[in-house]
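What follows is a short report on a single structure.
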Amino acid sequence: MPIEIAKPKPAPALEQNSSDPAFLKIRDLVYRISGIYHAEEKLYLLTSRCARRMVALELTSPAEYLEHLTVRGNRDAELRLLLNEITIGETYMFRHPAQLDALRKVILPEILQAKGVHGLKRLRFWCAGCSTGEEPHTLAMFLLEEKEKLLAGWTFDILATDLNDNSLEAARAGIYGEYALRSTNDRLRAKYFKDAGDKKLQANDLLKSQIRFDRINLRDDNKMLFQKGMDVIFCCNVLIYFDLASKRRVIQHFYSNLMPGGYLFLGHAESLFQVDDTFRLVHFTGTTAYWKAPATLPAGGKK
Ligand SMILES: C[S@@+](CC[C@H](N)C(=O)[O-])C[C@H]1O[C@@H](n2cnc3c(N)ncnc32)[C@H](O)[C@@H]1O
């Protein structure tokens, strides 16, 4: 499932009318800042999230809340708090095993060979829209497991980013319950986690040290320009609520941030059909990925 732009708990005391012009302006503001677009039929989800912030601020009208988001001194902070309410990410460990198979069997051997020629024995991965960290922790376990095999003599780093401060805080803590760990086997649990009480496990220091978490809004062009040199980017179940223009912009950034020969993974239900034609679609068993062909390769399909 992509970003859950809601499943609101019973809305706070305020009854909100989704068609209030102030909500439409807030919808546009959220879209402009984050790329997340609430179509008419989803507007009630936005209003319910705004209602929570209005209760916290003791405001009674959407117009007042719009003012908080636009003209008050702390508007950036308030917008950030609203985005934290809106972007709640559904995720779990080992959500996309076919992607890991593709990495092990095809993608990494290919990249290692190309980079190895130049003596560059370092790999860079980016989980963009990592939510509470299950995806980068999965990747870190996978890469650590390959350290004595495929990746012998290589180092790697994982950048994991999201715009939701609360999700990032949880990701940094690395404490997970059975729901998040349901596809993680006992051997990996014992090797990379420690008991955190309350039937929860916490990522151990070795696992945590593989990942650098940062807040990056995918619609922030300034920050997106500075994430160069990636070998593989995962942006799974994030762009599905973006409109076409926002998707295009983000995908262009991913393209320029990837090394030639690098790969982009999206979620299973997502595709770049009619979004982008610079990447090449590559099929693997059970999954697909988008490949940035090296400049020397003639136009046409992959190999
Ligand atoms: C459904 S989760 C995906 C988690 C993980 N990638 C997976 O597939 O399991 C979507 C995440 O995208 C994040 N997100 C939404 N809009 C974003 C934006 N403009 N910039 C960065 N992250 C964003 C949300 O905060 C949320 O954590």
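Each reported figure results from applying straightforward, stated rules to the coordinates on display, with no laboratory input. All figures in this text were calculated on a predicted structure; none of them were measured in a lab. Cβ sites come from the backbone with ideal geometry, for glycine too, and all protein chains shown count toward neighbours.
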Note to self: Taking θ = phi - 60°, what integer Hz values does the Karplus form 6.51 cos²θ - 1.76 cosθ + 1.60 yield along the range 35-47, in sequence order, with x for Gly and Pro?
What the structure shows: x, 7, 10, 9, 5, 3, 6, 10, 4, 4, 5, 5, 5
Next item on the list: Counting other Cβ atoms within 10 Å, keep those with at most 11, restrict to DSSP loop, and tell me which GluC sites (Glu not before Pro) in the range 129-181 are left.
Entry: GLU148
Checklist line | Angle between the chain longest axis and helix 134-146 axis [Cα atoms, degrees, rounded to 10] | finding: 10 degrees
Check: Counting Lys and Arg as +1 and Asp and Glu as -1, what is the net charge of the other residues whose Cβ lies under 12 Å from the Cβ of ASN166?
Finding: -1
Note to self: Looking only at the chain, where both bridge partners belong to it, what percent of the DSSP beta bridges are antiparallel (to the nearest 5)?
What the structure shows: 45 percent
Next item on the list: May I ask for the distance between the Cα centers of the range 34-52 and the range 173-211, given as a whole number of Å?
Entry: 33 Å
Check: Karplus couplings for the range 207-218 from phi (6.51 cos²θ - 1.76 cosθ + 1.60, θ = phi - 60°), rounded to Hz, Gly and Pro as x?
Finding: 5, 4, 6, 7, 10, 10, 9, 8, 8, 10, 7, 4
Next item on the list: For each pair in LYS115/LYS228; LYS121/LYS191; LYS42/LYS200, compute the distance between the two Cα atoms and list the pairs where it is over 27 Å.
Entry: LYS42/LYS200
Check: In µm²/s, what is D for the chain at 37 °C and 0.692 mPa s, where D = kT/(6 pi eta Rh) by Stokes-Einstein and Rh is the Kirkwood radius from Cα pairs?
Finding: 159 µm²/s
Next item on the list: Identify the chymotrypsin sites (Phe, Trp or Tyr not before Pro) of the range 239-277 meeting these criteria: DSSP loop state and at most 12 other C-beta atoms within 10 Å of the C-beta.
Entry: PHE273
Margin query: On C-alpha positions alone, give me the angle between the axis of helix 244-257 and the longest principal axis of the chain, in degrees, nearest 10.
Written below: 40 degrees
Check: In the chain, which Cys residues have no partner Cys with a Cβ closer than 4.7 Å?
Finding: CYS50, CYS235, CYS236
Checklist line | VAL106-ASN204 FRET efficiency (beta carbon distance; Förster radius 25 Å; 0.05 resolution) | finding: 0.25
Notebook entry, point to check: To the nearest 10 degrees, how steeply does helix 21-34 sit against the main Cα axis of the chain, on a 0 to 90 scale?
Noted result: 20 degrees
Checklist line | Per-pair calculated FRET efficiency, R0 = 51 Å: THR70 and ALA114 via Cβ, rounded to 0.05 | finding: 0.55
Next item on the list: Report the trypsin sites (Lys or Arg not before Pro) located in the range 209-274 that are in a DSSP loop and have at most 14 other Cβ atoms inside 10 Å of their Cβ, or state none.
Entry: LYS228
Item checked: Global geometry of the range 116-158, whether rounded, prolate or oblate, following the gyration tensor of its Cα atoms and the 1.5 cut on a/c -> oblate
Notebook entry, point to check: Picking from LEU258, LEU29, ASN17, whose Cα lies most toward the positive end of the charge dipole for the chain (charges on Cβ: Lys, Arg +1; Asp, Glu -1)?
Noted result: LEU258
